[in-house]
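Enquirer: Following this message is one structure expressed as structure tokens.
Please treat every number below as a calculation from the coordinates, not as lab data. Here the structure is a predicted model, which means the values were calculated and not measured. Positions of Cβ are backbone-derived with ideal geometry, glycine not excepted, and every protein chain shown enters the neighbour counts.
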Amino acid sequence: MTISWIDWTIIGVFFLVSMLIGVFASKQAGSSAKEFFLSGRNMPWWLLGVSMVATTFSADTPNLVTDIVRKGGVSGNWVWWAFLLTGMLTVFVYAKLWRRSEVTTDLEFYELRYGGKPAAFLRAFRALYLGVFFNVVIMATVSLAAIKIGGVMLGLSPIETLLLASVVTVIYSSLGGLKGVLLTDFFQFFIAMIGSVGAAIYVLDMPEIGSLNNLLTHPNVADKLDFFPDFNDWNLLIPLLIMPLAIQWWATWYPGAEPGGGGYIAQRMLSAKDEKNAIGATLFFNIAHYAMRPWPWIIVALSSLIIFPQISDLGAAFPNIPADKLGDDLAYSAMLTFLPTGLIGIVLASLIAAVMSTLSTHLNWGSSYVVNDFYLRFIKPNASDKELVAVGRISTVLLMVLAAVLALALSNALEAFNILLQIGAGTGLIFILRWFWWRINAYTEIWAMFISFAVAIFFESINPRLGFIDIPAEQSYLKLLYGVGITTIGWVLVTFLTKPEKDEILLSFYRKVRPAAFGWKKLLDRYPKEQQEQGQLPMEIGLMLVGTVMVYAALFAVGFVLYGNFVGALIAGVVSLAGGFIIVRNWDRMKLS
């Protein structure tokens, strides 16, 4: 493909604006660690919500969706659509609790909820485990997507692509802190949306496709359009629908979809002006993430089945791509090579925006763990704000270097997605219950973390080589099921075999966060004068379910329109609007600050 001067100009302007935003935010960001990592806790819902969407608008996400659609059809997307349940749970139950906690990072929560050396160990270990190890893996998958885009669309080597993708991102992330990330995300979100929608429209007009109707009736595509897997095929139904909806959403830990909120989602909630803005931000994020964005990616993915029906066709078209990087996820970038001058510049800028927005968020989030939860807490408690900001900027650079090195060893985004799910299998329920059940302690989380990691290593590395447990390829979901079961049994046993946290620690947490009292009753009954919060948990869970139906209905309404089923679109649209009406009517009843 040919990149014209017009395309390069568009890309250059995009880089320049991103850099200027970082420079603009640098003075305020450098004034204190709280400014650098939380923007002074004064951010509005719309900016935080768009930032969350931009972060998950990573360049590896359309690659992941393309991989899923080419292998399992549209219904295969339930492996990530199911996370809407935990997203809505965060909106209506946990967003206000996080904001009330007033911690700097979600890891600081550990020494608010638990006490003593176990809590300190948990905070320190997870600062490195999540902030460095897990974070680097996530950024490596994003960098892998950049490698494939650069190789297919620009003919760049993996190292050349990584250098171009990371340098600007590191500069504005390290200069501007979270505020620079938020402002840049806002700008990059609209570029990314324009690029993905524009690419889908152009692809449908290609001679090989002809129109949306031709696409949907093509024999390579017609059997991949169902919203749900075949209910008569249990080998598809269980892994694609039953497992995600029944177990995966609450039992696994995955960045950006943590049960109970966490990671960079928690960071955004903690930086909100108040509880209303924290809830508004996460609600907008879940609507945009699940209902607004998927269909342009799905259209391009389905179109790729006509242009490149087999992986071998991709290999023949792009012989410069290394064999270990060749997979179905490459098809998205391959389809974009057909775009015309001007649009290709916008789309390339949108893909660069997707890479940079995700990397910048993870760099700031990861460095916040390194600085606040490891360096300041355990290495130098009396460090000045200037020193903390400097350490944050240094750790930003080092995290990017580690991610780039790992990206060169990965082969596809779906592989990394499944590994991360397996590592977090069985831990999710703890993150849901720890706010509402006084009996959970630091040992619960420590052992859950180690058990889930050990089980993941067994199923992903040891078992394939030694064959202790025979797991057929079509039943690979059993690995996740085993992981959830073993880890959950393990941490429940540990919880009851170890002592609960001291009463004074539990009461301090309860008074500050004010969760519903039903799970704390045994503790609170020992202190008759302690006020017991009645809470609104039944209403909040009801709104969570309403919100989930609302977003799924909106998602399917768009799909029905594209499929030409206007009756289905009308019904789904009415259901979605009804859900929105119920949420609006109950907004003031949530008693938010």
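Enquirer: Output the 0 to 90 degree angle, nearest 10, between the alpha-carbon long axis of helix 442-457 and the longest principal axis computed from the alpha carbons of the chain.
Expert: 30
Enquirer: Another question, then. When each pair of different Cα atoms in the chain is counted once in the 1/r mean, what is the Kirkwood radius in angstroms, to one decimal?
Expert: Values: mean 1/r = 0.0407 Å⁻¹.
Evaluated on the chain, it is 24.6 Å.
Enquirer: Also, I was wondering about something else. Taking only the alpha carbons of the stretch 258-388, what extent do you get along each of the three principal axes, in Å, biggest first?
Expert: 59, 35, 32
Enquirer: If you don't mind, there's one more thing I want to ask. Around LEU408, under 13 Å between beta carbons, what's the net of Lys plus Arg minus Asp minus Glu among the other residues? Spell out each step's value before the answer.
Expert: On the way: positive: LYS148, LYS325; negative: GLU160, ASP324.
Taking every other residue near LEU408 into account, the sum is 0.
Enquirer: In a Debye calculation with equal point scatterers on the alpha-carbon sites of the stretch 510-593 and no solvent, what is log10 I(q)/I(0) at q = 0.17, 0.20, 0.26 Å⁻¹?
Expert: For the stretch 510-593 at q = 0.17, 0.20, 0.26 Å⁻¹, log10 I(q)/I(0) is -0.75, -0.88, -1.13.
Enquirer: Find, to one decimal place in angstroms, the Kirkwood hydrodynamic radius of the stretch 159-289, where the mean of 1/r is taken over every pair of different Cα atoms and then inverted.
Expert: On the way: mean 1/r = 0.0520 Å⁻¹.
That comes to 19.2 Å for the stretch 159-289.
Enquirer: How far is helix 566-586 tilted, in degrees, relative to the longest principal axis of the Cα atoms in the chain, given as a value from 0 to 90 rounded to the nearest 10?
Expert: The angle comes out at about 20 degrees.
Enquirer: Reachable aspartates and glutamates from LYS148, Cα under 17 Å, same-chain residues fewer than 8 places away excluded?
Expert: ASP60, ASP67, GLU160, ASP313, ASP324, ASP328, ASP329, GLU415
Enquirer: Which values of log₁₀ I(q)/I(0), to two decimal places, follow from the Debye formula for the stretch 432-480 at q = 0.16, 0.32 Å⁻¹ with a uniform point scatterer at every Cα?
Expert: Log-scaled intensity ratios, in q order: -0.60, -1.18.
Enquirer: By the scheme Lys and Arg +1, Asp and Glu -1, what is the net charge of all other residues having a beta-carbon under 13 Å from that of PRO340? Write out the running numbers ahead of the final one.
Expert: On the way: positive: none; negative: ASP7, ASP205.
Counting the neighbours of PRO340, the net charge comes to -2.
Enquirer: Just round it to a whole percent: the fraction of Cα-Cα distances in the stretch 458-574 exceeding 16 Å.
Expert: Values: 5269 of 6786 pairs.
Percent of Cα pairs beyond 16 Å in the stretch 458-574: 78.
Enquirer: Additional query: Counting other C-beta atoms within 10 Å, and keeping those with at most 13, which DSSP coil trypsin sites (Lys or Arg not before Pro) do you find in the stretch 481-536?
Expert: On the way: sites: LYS502, ARG511, LYS512, LYS521, LYS522, ARG526, LYS529; in loops: LYS502, ARG526, LYS529.
Here the trypsin sites (Lys or Arg not before Pro) that fit, given the DSSP loop and packing criteria, are LYS502, ARG526, LYS529.
Enquirer: Right, here's the next one. Give the angle, between 0 and 90 degrees and rounded to the nearest 10, that separates the Cα long axis of helix 294-307 from the longest principal axis of the Cα atoms of the chain.
Expert: 40
Enquirer: Can you return the lysines within cross-link range of LYS276? Criterion is Cα-Cα under 20 Å, with same-chain partners fewer than 8 residues away left out.
Expert: LYS96, LYS179, LYS512, LYS591
Enquirer: Something else about it: I'd like the FRET efficiency for ASN232 and LEU478, computed as 1/(1 + (r/R0)^6) with the beta carbon distance as r and R0 of 30 Å, rounded to 0.05. Display every interim value, and only then the final one.
Expert: Details: r = 20 Å, r/R0 = 0.68.
Efficiency, from the Cβ-Cβ distance: 0.90.
Enquirer: Under the 0.36 nm per residue contour assumption, what length would be gained going from the current alpha-carbon distance of ASP385 and VAL397 to full extension?
Expert: Values: separation 12, 0.36 × 12 = 4.32 nm, distance 1.88 nm.
That works out to 2.4 nm of additional length.
Enquirer: If one computes P(r) from the Cα atoms of the stretch 75-137, what percent of pairs lie at distances over 19 Å? Please list the in-between numbers first.
Expert: Values: 1054 of 1953 pairs.
For the stretch 75-137, the share of Cα pairs beyond 19 Å comes to 54 percent.
Enquirer: Can I ask one more? Restricting to DSSP loop positions (anything but H, G, I, E, B) with no more than 15 other Cβ atoms inside 10 Å of their own Cβ, which chymotrypsin sites (Phe, Trp or Tyr not before Pro) remain in the stretch 444-542?
Expert: Details: sites: TRP447, PHE450, PHE453, PHE458, PHE459, PHE468, TYR477, TYR482, TRP491, PHE496, PHE509, TYR510, PHE518, TRP520; in loops: PHE468.
Counting only loop positions with at most 15 other Cβ atoms within 10 Å, the chymotrypsin sites (Phe, Trp or Tyr not before Pro) in the stretch 444-542 are PHE468.
Enquirer: Between rounded, prolate and oblate, where does the stretch 55-108 land on the alpha carbon gyration tensor, with a ≥ b ≥ c its root eigenvalues, rounded for a/c under 1.5, else prolate if a/b exceeds b/c?
Expert: On the way: a/c = 4.58, a/b = 2.24, b/c = 2.05.
Since a/c reaches 1.5 and a/b is larger than b/c, the shape of the stretch 55-108 is classed as prolate.
Enquirer: May I pose another question? Could you calculate the contour length gain from ASN586 to TYR527, that is, 0.36 nm times the residue separation minus the distance between their Cα atoms, to one decimal place in nm?
Expert: Details: separation 59, 0.36 × 59 = 21.24 nm, distance 3.31 nm.
Computed gain between ASN586 and TYR527 is 17.9 nm.
Enquirer: What's the center-to-center distance, using Cα atoms, between the stretch 285-331 and the stretch 86-125 in Å?
Expert: So the separation of the two Cα centres works out to 37 Å.
Enquirer: Now for a separate question. Please list the equivalent ellipsoid semi-axes of the stretch 41-149, computed as the square roots of five times the alpha-carbon gyration tensor eigenvalues, in descending order and whole angstrom.
Expert: Numbers: eigenvalues 186, 74, 44 Å².
They are 30, 19, 15 Å, listed largest first.
Enquirer: Using the Cα centre of the chain as the reference point, and only Cβ charges (+1 on K/R, -1 on D/E), how large is the resulting charge dipole? Debye, rounded to the nearest 20.
Expert: 2180
Enquirer: Considering all projection directions equally, how large on average is the shadow of the alpha-carbon convex hull of the stretch 240-308, in square nanometres?
Expert: Approximately 6.3 nm², given one-decimal rounding.
Enquirer: Whole-Å semi-axes of the stretch 342-406's equivalent ellipsoid, largest first, each the root of 5 times a Cα gyration tensor eigenvalue?
Expert: Numbers: eigenvalues 204, 26, 14 Å².
In descending order, the three semi-axes are 32, 11, 8 Å.
Enquirer: Please compute, for the alpha-carbon atoms of the stretch 354-491, the extent along each of the three principal axes and give them in descending order in Å.
Expert: 55, 43, 27
Enquirer: Going out from 0 in 10 Å bins, what whole percent of all Cα-Cα distances in the stretch 128-236 drops into each bin?
Expert: 11, 23, 30, 23, 12, 0
Enquirer: What is the distance in Å between the Cα centres of the stretch 181-218 and the stretch 465-524?
Expert: 42
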